[in-house]
There are 2 protein chains.
Amino acid sequence: MSVGLLDQSELSVINVGVDGFTQSVTDAGGKAVALQWQPPGDGDPSLAWALAGLSGDADDEQCAGSRIDRANALAVERIMAAQPMLVDVALHARDVWPDVGRTLLHAGAPVEWKNMCGPMQGAMIGAALYEDWADTPQAARAMLERGEIALAQCHDFGAVGPMAGVISSSMPVLVVRNEAQGNMAYSNLSEGIGKVLRFGANGPDVIERLRWIENVLAPTLKAAVKKAGAINLKMLQAQALLMGDEAHSRNAAGTLLLLAAIAAPLADADVDAKARRETLAFIAGNSQFFLNFSMVSSKATMDAAHGIDGCSVVTAMARNGVTTAIRVSGLGREWFQAPSDTPVGLYFPGFAEADSNADLGDSAICETAGFGGFSLAASPALVQLVGGTVSQAVAYSREMFELTVTRNASLSLPNLDFTGAPCGIDIRKVVDNNIRPVITTGIAHKEAGIGQIGAGIVRAPMACFTQAVLALSRRVAGSPSC
Amino acid sequence: MSVGLLDQSELSVINVGVDGFTQSVTDAGGKAVALQWQPPGDGDPSLAWALAGLSGDADDEQCAGSRIDRANALAVERIMAAQPMLVDVALHARDVWPDVGRTLLHAGAPVEWKNMCGPMQGAMIGAALYEDWADTPQAARAMLERGEIALAQCHDFGAVGPMAGVISSSMPVLVVRNEAQGNMAYSNLSEGIGKVLRFGANGPDVIERLRWIENVLAPTLKAAVKKAGAINLKMLQAQALLMGDEAHSRNAAGTLLLLAAIAAPLADADVDAKARRETLAFIAGNSQFFLNFSMVSSKATMDAAHGIDGCSVVTAMARNGVTTAIRVSGLGREWFQAPSDTPVGLYFPGFAEADSNADLGDSAICETAGFGGFSLAASPALVQLVGGTVSQAVAYSREMFELTVTRNASLSLPNLDFTGAPCGIDIRKVVDNNIRPVITTGIAHKEAGIGQIGAGIVRAPMACFTQAVLALSRRVAGSPSC
């Protein structure tokens with residue numbers, strides 16, 4: 001399609017479509033700009049028809065698309081109303097999931113042992129050693145190969161875990177209640193940096209630190225939370241956005257805000273002096289300690305928006321190290337997945353892209369709730385770390401407004417003159433605008449146990465969203481289009 | 001002066017000077033812009049000559065201006081090399097100043113009792129009550145009127161105090177050593193918000209809190225600092241700039257960073273459990289607690305640049321509630337002062353500009369060292385509080401580059417793509433560019449004891465700088481001009 005703006009002096013053309021037209025106009029001495037545009041569904045007719053059938057119309061309340069719009073409005077209302085409160089630290093996951101038994105939870109969608117990436121296999125082996133289900137890594141691996149340990153997704157237990165995301169029966173978990181809707185969410189505790197289970201390390205030092213978390217950190221935090229009363233994690237996330245965090249890959253402020261929230265209560269709590277000091281030193285020395293809190297807060301927030309009939313809002317994005325998978329509010333428990341991309345960013349000295357694992361972890365729940373890549377405008381310091389500029393950071397947040405239902409006034413982005421963060425990813429907008437959600441992420445070495453080798457930015461695969469659009473289209477089939 | 005750009009079609013004029021010329025061109029149908037320009041020294045010939053005599057020339061090493069340039073280079077080298085370490089909390093000011101006796105230190109330049117603003121008089125009375133020099137406010141006032149209590153400037157004791165800045169013999173003080181130059185600096189401790197001595201309140205609750213600071217907060221902090229070892233305050237300031245503080249009127253991040261630095265050491269320190277809890281709760285509940293630390297760090301930094309022969313860098317800006325005063329590195333202890341402006345900003349409900357005191361306090365030492373108004377680009381959240389936009393915040397920092405010798409790479413401003421903060425105010429540039437230093441500040445009620453009624457932005461009076469330029473000109477008289 002070409003639109004000519006004819007005036008007295010010359011031919012001016014806006015060309016939408018085949019590039020050759022632009023060339024022919026400029027060859028003839030005219031002015032022409034090529035508008036970057038692609039047809040809805042990226043040229044796939046079935047997708048274009050599906051999208052057309054799902055788009056709303058303010059003048060037709062009964063059509064499918066308008067019902068989706070209303071369902072989405074309810075979803076973002078619940079997201080914005082969420083009050084995720086840290087109410088407890090359970091000393092063992094089995095305290096909240098009595099039937100968890102010999103099951104290992106992991107990040108992302110289901111994946112068979114033999115297809116798992118190196119870091120996730122390493123973390124599984126480490127968890128089996130930690131649980132004393134096996135004496136050696138070899139024995140643990142054999143058990144897992146023989147299927148003697150059950151596998152499940154964190155998300156199916158209302159939980160989220162960073163990177164490999166492995167949670168086992170004896171690990172302590174954060175317990176969060178969304179006071180607005182009453183739903184619960186859980187996460188494990190940060191191990192700090194270096195050789196850690198979540199990157200697939202499973203040596204004696206890793207297991208020892210897991211036991212310290214179980215026996216020292218968790219009881220101490222539990223006592224502090226009991227003294228402090230419930231801690232509003234959303235308030236901490238919102239304050240952190242004013243302090244240079246995007247609450248996914250940068251949590252320096254969130255960690256300090258959490259420390260400030262528990263420091264005085266902990267001084268009052270009946271805990272061992274050594275445990276108190278070790279806990280405070282561990283938190284103060286680990287600027288990503290708050291990540292797990294931001295994740296579980298986001299999970300409690302997004303679960304409140306799940307299960308709304310006809311709703312096209314994404315309620316989870318998660319990566320198992322092989323695929324990136326999404327869940328959609330109106331599409332039940334089904335994961336829509338596609339192979340994960342490798343993050344683009346900066347590598348620590350001695351490492352390069354060839355070393356990196358595909359994108360990994362449940363932490364993209366933060367983006368789903370409006371943090372991370374969606375709030376990049378808040379975090380110039382992070383952008384510098386991953387090799388970008390401040391204006392790029394702002395541009396990412398602006399771009400994400402194109403994908404989302406509304407702006408969340410509770411999550412204010414200073415560098416966008418305090419407008420609210422993008423809220424509620426609408427699968428229709430992702431596909432129609434051909435813009436993929438941006439995620440800030442750590443980069444794991446593809447081999448178990450080497451750990452983090454960089455930090456960067458990745459996009460969720462478009463195929464997750466096209467599949468979901470087609471599924472939603474099938475679900476509303478028979479309803480009148482707008 | 002008017003410059004006509006003559007082309008075939010019409011007259012275009014850039015007019016520099018009297019506005020009437022612009023009008024006459026536009027009246028005649030031409031295009032004209034009036035360039036905002038003023039002659040150096042704002043039209044004062046003696047000032048223009050003084051400035052001319054002080055300007056450097058790279059080709060003439062021996063002339064006065066080039067020697068000033070070299071002195072300034074040394075000054076900013078010392079500012080950037082400063083390592084202000086919190087080494088102790090002295091339980092009483094007399095421990096560091098054995099001869100302080102019955103002297104009250106105050107903010108800014110010397111001011112007689114009868115000329116003091118309300119908040120400073122109120123603070124003086126409160127300090128006399130706290131020291132048990134008088135039993136009633138009336139008796140304290142009478143003593144002060146009769147001159148029975150000596151007055152001195154914080155700055156002359158190497159100290160700084162916010163607002164009224166009153167420090168007396170029994171008050172605890174922060175002790176900072178600049179490890180690079182060996183010089184010392186001191187400040188009192190934050191009382192929190194509400195009715196506080198620094199705003200002139202002096203009721204029983206105020207005195208009681210001062211005693212709690214003396215008997216609980218100070219010994220507890222002292223014990224924590226002893227356990228922690230010296231704390232690098234410049235590192236905390238630099239990190240705070242990455243977290244939305246400008247380290248003068250916003251210290252939310254600085255306060256949390258300080259809390260994190262002392263929390264674990266304090267858990268190990270041999271202090272009473274109640275004192276530990278009260279101290280942590282007081283800091284966690286007072287987001288400006290770090291202000292006094294930022295001030296004393298800035299004082300230790302700027303004193304290292306003072307006393308360099310011929311140097312035109314400002315080493316202190318301070319306000320006593322009547323005048324704003326500056327000291328210049330190469331001009332000894334002399335204060336160059338002029339009546340203070342009233343800050344422009346937002347008032348708390350129920351208050352207006354008519355209630356406000358003239359700008360007050362030693363806290364502009366932060367700007368002198370590159371924080372506050374000079375680092376406003378770092379603090380969109382503060383700009384919102386004082387009624388501005390993010391782009392205005394960035395513009396303030398950019399403008400301050402026009403006044404300063406260099407950029408301090410240690411103090412990185414995220415929103416200016418991590419360029420260093422403006423460093424080293426050069427009195428020549430202030431006068432020559434006719435741009436006054438910008439200061440972020442709290443607004444005090446003009447009556448004693450009502451407290452803070454708003455927050456805003458103020459500019460240091462130009463007359464401070466013109467006087468200093470003339471004084472420097474007299475000092476170099478006889479040296480060859482460049």
Q) What shape does the range B:216-367 have by the C-alpha gyration tensor, where a ≥ b ≥ c are the square roots of the eigenvalues, rounded means a/c under 1.5, and otherwise prolate means a/b greater than b/c and oblate the rest? A) oblate
Q. Tally Lys/Arg at +1 and Asp/Glu at -1 over every other residue whose Cβ is under 12 Å from the Cβ of A:Arg102; what's the total?
A. -3
(Q) Straight-line reach only, C-alpha to C-alpha below 25 angstrom: list the lysines that B:Lys299 could link to, leaving out same-chain residues fewer than 8 apart. (A) B:Lys222, B:Lys226, B:Lys227, B:Lys234, B:Lys429
Q: Set the Förster radius R0 to 35 Å, insert the Cβ-Cβ distance between A:Asn115 and A:Ala48 as r into 1/(1 + (r/R0)^6), and round the FRET efficiency to 0.05.
A: 0.60
**Q.** Paramagnetic reach from B:Met462 in the range B:303-347 [backbone N under 17 Å; point 7 Å along Cα→Cβ]
**A.** B:324, B:337-342
**Q.** Reach of A:Lys446 by Cα under 24 Å, taken over lysines that are not fewer than 8 positions away in the same chain
**A.** A:Lys114, A:Lys195
**Q.** 7 Å along Cα→Cβ, label-point gaps from B:Asp95 to other copies, nm, shortest first
**A.** 4.2
Q: May I ask you to compute the full-extension gain from B:Glu208 to B:Ala152, defined as 0.36 nm times their residue separation minus their alpha-carbon distance, rounded to one decimal in nm?
A: 17.7 nm
Q. Label B:Ala142 and A:Arg398 with points 7 Å out from Cα along Cα→Cβ: what is the distance between them in nm?
A. 6.9 nm
**Q.** Within the range B:134-158: backbone nitrogen closer than 13 Å to the B:Glu447 label point (7 Å, Cα to C-beta)
**A.** none
Q) Each residue of the range A:438-446 in turn: what ³J(HN,Hα) in whole Hz from Karplus with 6.51, -1.76, 1.60 and θ = phi - 60°, glycine and Pro shown as x? A) 9, 10, 8, 7, x, 10, 8, 5, 6
Q. Unpartnered cysteines of the protein assembly as shown (Cβ-Cβ under 4.7 Å counts as a partner)?
A. A:Cys117, A:Cys154, A:Cys311, A:Cys366, A:Cys423, A:Cys464, B:Cys117, B:Cys154, B:Cys311, B:Cys366, B:Cys423, B:Cys464
Q. Which shape class applies to the protein assembly as shown: rounded if a/c is under 1.5, otherwise prolate when a/b exceeds b/c and oblate if not, where a ≥ b ≥ c are the square roots of the Cα gyration tensor eigenvalues?
A. oblate
Q. For the range B:286-406, what is the charge dipole size about the Cα centre, in debye to the nearest 20, if Lys and Arg each add +1 at the Cβ and Asp and Glu each add -1 at the Cβ?
A. 220 debye
Q.
Give me the inter-chain shielding for A:250-258: mean count of other chain Cβ atoms within 10 Å, whole number please.
A. 4
Q) Based on the alpha carbon coordinates of chain A, what radius of gyration and maximum Cα-Cα distance (Dmax) apply, in Å? A) 23.7, 86
Q: Hey, can you grab everything whose amide H is under 5 Å from the amide H of B:Ala247? Only 5+ residues off in sequence or another chain; H modelled, so Pro and N-termini drop out.
A: B:Gly372
Q: For a footprinting-style exposure proxy, rank A:Arg102, B:Arg250 by other Cβ within 10 Å, fewest first.
A: A:Arg102, B:Arg250
**Q.** Ranked list, fewest to most other Cβ atoms within 10 Å of each Cβ, for A:Val176, A:Val438
**A.** A:Val438, A:Val176
Q) Dipole magnitude of the protein assembly as shown about its Cα centre, charges +1 at Lys/Arg Cβ and -1 at Asp/Glu Cβ only, in debye to the nearest 20? A) 1780 debye
Q: Label the range B:179-253 by shape, choosing from rounded, prolate and oblate, from the square roots a ≥ b ≥ c of the eigenvalues of the Cα gyration tensor; if a/c is under 1.5 it is rounded, and otherwise prolate applies when a/b is larger than b/c, oblate when it is not.
A: oblate
Q. Residues of A:229-241, mean number of Cβ from any other protein chain within 10 Å of their own Cβ, rounded to a whole number?
A. 1
Q) Would you list B:Lys222, B:Lys274, A:Lys234 from fewest to most Cβ contacts within 10 Å? A) B:Lys274, B:Lys222, A:Lys234
Q: Could you tell me which helices of chain A pass both thresholds, a Cα extent of 27 Å or more along their own axis and a mean Kyte-Doolittle hydropathy of at least 0.5, with helices taken as whole DSSP H runs?
A: none
Q.
Give me the net charge for the shell around B:Ala381: Cβ to Cβ below 10 angstrom, other residues only, Lys and Arg +1, Asp and Glu -1.
A. -1
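Values in this text are rule-based calculations from the coordinates and carry no lab data. Bear in mind the structure is a predicted one, so any value in this text is a computation, not a measurement. So basically every Cβ, Gly included, is an ideal-geometry build from the backbone, and we count neighbours across all protein chains shown.
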